[in-house]
Each structure stands twice: as C-alpha cells, then as structure tokens.
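Below: the structure, in structure tokens.
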Amino acid sequence: MNIADLRRDYKLQALDESQANANPIEQFRSWFAEAVASEALEPNAMTLCTVDADGRPSARIVLLKGIEPMGLTFFTNYESRKAADLMANPQVALVLFWPELERQVRIEGEVTKVGRAESDAYFQSRPRASQLGAWASPQSSTLGSRADLEREFEELSRRFGDGDISCPPHWGGYRVTPDRFEFWQGRRSRLHDRLQYLLVNGAWKIERLAP
C-alpha cells in the first residue's frame, strides 16, 4: 500500500452562503443533528487543542456534552494535563470531523469552568461505572500498572456499595465560548466549501475562505 495513493473525491453536498444560518451555534446544531442522524460513530467526539505555559501544543479527543447559546461544553478531570494547559492558557481550538457527511467544523474560543451544580447534575447522569472511573483514575498521572488502576476501581466500588456516588471535587465541566467557527464541506477536485464566522464587535460576520 502506498499512503500517497490514499484519497477520496468528496461529492455528497455543497455549502452556500444562502444556506447558512446567520448564527453559527444554530448552524452547528443543524449539522450536529445531521451527523447524529447519519449514525456517525461518536458524532460528539471532538479534538481539543490546548497550549501549555511553555507554548507547547497538545491535542486529544473529548466528548461534546452540551450545545448552548453561550458555547459548547465538555467534562474532564481538573487535575489532568489538559486542565493544567487550560489554567495556563484558556484559548482553545476544537475540531469535529464527520467523514460520513464529508464535513468538519473548526471552532476557536476561550474556555471557562462551568458551575459546580451543572457538573454535579451531569455527573449523576453518567453510568455508575463511569462515575467510579472518574474517582479511580488520577488522569494523566503515571501508573505503576493496569492492575493498580483496577484495584482502585474495585476498592471504590466496595466503598460506595449501592449508595449514590458524588461528583469528585476534582472533576467537572468546561465551556468553550467561541469567537470563530469554520464550516467545511468537502467538494470535488479539492475545491472544498469553507464558510468562516468571526465575532466582530458582538456580531457574527460570515466570509468564504479558499479551500
């Protein structure tokens, strides 16, 4: 197999300014609903890009868990590497890619922690095993072995028994307040459609970018 020969010509849809919602959050809601309807694998999986205090970038996949007028929400361990990056530099970038629809969305903005009540409410909606996992994992820390993690999980399972599991104080949500969106629709001959939304003086400006 020659990697250089791997390619696909995109031809499913087009993206025109006349079709775009003036509000990028509503445009995003529409595309996200289509991604869910397409039965895309993990349609809410998104790449979160951060930069640490030394200017070193880092990226990983997180799950989108909220779309609100003020921004997009995800949840994580507040003692993780990503959390340390966000403490040093709250400017982030997100990317969602839906190959089934030949689409991607790029988002840039500033991140803030959500309120404790919102984090608690979401935590209680998680499966019980995921709740235990949030307590058991010292996310991004070095582990002696897989067995150490599993022992901690089993110990916490015994400790909590059948009772309610509270949200760990070191775990919760972040909300990204965007100031830039880009909606990308694959097109033939790599002449892709790219519509960018920029927040200028409190209003969204739409412009077309070259592919």
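Converting phi to 3J(HN,Hα) with the Karplus coefficients 6.51, -1.76 and 1.60 and the offset θ = phi - 60°, the stretch 32-45 yields 5, 4, 5, 5, 5, 5, 6, 6, 4, 5, 6, x, 9, 6 Hz in sequence order, with x at every glycine or proline.
For the stretch 1-108, the calculated P(r) over all alpha carbon pairs, in 5 Å bins from 0 to the bin holding the longest distance, is 2, 10, 18, 20, 17, 14, 10, 7, 2, 0 percent. In the stretch 94-194, the ratio of gyration radius to Kirkwood radius, Rg to Rh, stands at 1.15 when only Cα atoms are counted. Reported to the nearest whole Å, the Cα centre-to-centre distance from the stretch 92-122 to the stretch 161-211 is 6. Given (1) 40; (2) 33; (3) 46, which label gives percent of Cα pairs over 26 Å apart as computed from the coordinates? Of the listed options (1) 40; (2) 33; (3) 46, (3) comes from this structure.
A DSSP coil position with no more than 13 other Cβ atoms inside 10 Å describes the following GluC sites (Glu not before Pro) in the stretch 1-69: E39. A cut-off under 15 angstrom between Cβ atoms defines the neighbours of H170, and their net charge, with Lys, Arg +1 and Asp, Glu -1, is +1.
With θ taken as phi - 60° and the Karplus curve 6.51 cos²θ - 1.76 cosθ + 1.60 applied, the whole-hertz 3J(HN,Hα) list for the stretch 175-190 is 10, 8, 9, x, 10, 8, 10, 9, 9, 10, 10, x, 9, 4, 6, 6 Hz, x standing for glycine and proline. For the chain, the mean residue ellipticity at 222 nm estimated from helices alone is -8000 deg cm²/dmol, where every DSSP H run of n ≥ 4 contributes -39500 (n - 2.57) and the total is divided by all residues, rounded to the nearest 500. The magnitude of the dipole of the chain, with charges of +1 and -1 set on the Cβ of Lys/Arg and Asp/Glu and taken from the Cα centre, is near 360 debye.
Under the convention that each Lys and Arg Cβ holds +1 and each Asp and Glu Cβ holds -1, the size of the dipole of the stretch 1-109 around its Cα centre is about 220 debye.
Read-outs: derived from the displayed coordinates by stated rules, not from any lab. On a predicted model such as this, the values are computed, not experimentally measured, just so you know. No Cβ is skipped: glycine too gets one built from the backbone with ideal geometry, and neighbour counts run over all protein chains shown.
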